[in-house]
Amino acid sequence: QSNHVTVSQVFPDGFYAYAFESDAQNLTTIPNLSVFRNIYLRIPSLAITEIVSPGVGFTAPFGDSTFPSIAAVQQSKGIKVFVAFSSSASNLVDGDSNAFQDIFLSEVPVPSTSTYTPSSFSTTIRIPTSFVSGSEPNGTSTNPKVSGDGRYVVFESDATNLVSGINGGSTTRHIYLY
C-alpha cells in the first residue's frame, strides 16, 4: 500500500522521478526486513526503485518514515534527486537519540545506467539540529517540503530549541526553513 506520492519536475528528455511511502516488503533489490513504512524513490526510465529511508548500514529502520517531498536538479555531472521526509526511526543516521520524529534529506545522484551499487545510492542527513546549540530537537518535526533546486527544506516543528526566542509548549507548532 502506498500513500503520499510526490513527483519531481519532468525534464525535456522525459526524465522524472517520484517518491512514495509504503509498507510493502518486495519493492527493491535490498530486502525490507522492517514492519514499518519506508520512503522509496522510483525512476521509471531506469527501472529503479530504491529505499531512501534505510537504517544505517542498510539495516531495517526502527520506525515509520512518511511525507516524502522530492526535487530533481540537472547538474553538470547529471541529475541529482533530493528527497525530504519525516521519520520516527532512530537508526537512519548515527546519534539520533531524541525519541522524536525528525526531518531527513536524502541526496541521490542518478546513475546514467541502471547499473549502480545500492549501498552508495544515496546520502541521508538529519535536519534540523538546534540552530542555537547544535543539540537534537526537543520536539516533533514533520511535513517537510524540499525546494525545487534541493537547497532548502521547510518543515513544521513543536521543538522549542531550534532557534532562540521560541516560547510555548509542545502544542505550539512553528514553520522553519533549513
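Computed from the coordinates by the stated procedures, all read-outs in this text should not be read as laboratory data. It should be emphasised that the depicted structure is a prediction, and the values quoted were computed from it without experimental measurement. A quick note on method: Cβ atoms are made from the backbone with ideal geometry, for glycine too, and the neighbour counts reach across all protein chains shown.
For a quick protection proxy, order the peptides 97-105, 35-43, 83-91 by their average other-Cβ count within 10 Å, most packed first.
Peptide ranking by packing, descending: 83-91, 35-43, 97-105.
Using the Karplus curve 6.51 cos²θ - 1.76 cosθ + 1.60 with θ = phi - 60°, work out ³J(HN,Hα) for each residue of segment 78-87 in order, rounded to whole Hz, and write x for Gly and Pro.
The phi angles translate into x, 8, 10, 10, 10, 10, 9, 7, 10, 8 Hz.
HN-Hα J couplings of segment 92-102 from phi, Karplus 6.51/-1.76/1.60, θ = phi - 60°, integer Hz, Gly and Pro as x?
Each residue's phi maps through the Karplus curve to give 7, 9, 5, x, 8, 10, 7, 6, 10, 5, 10 Hz.
Tell me, what ³J(HN,Hα) does each residue in segment 51-68 have, in order and in whole Hz, if you take phi through Karplus 6.51 cos²θ - 1.76 cosθ + 1.60 with θ = phi - 60° and put x for Gly and Pro?
For segment 51-68, the Karplus-derived couplings read 6, 10, 10, x, x, 3, x, 6, 8, 5, x, 9, x, 6, 10, 9, 6, x Hz, x marking Gly and Pro.
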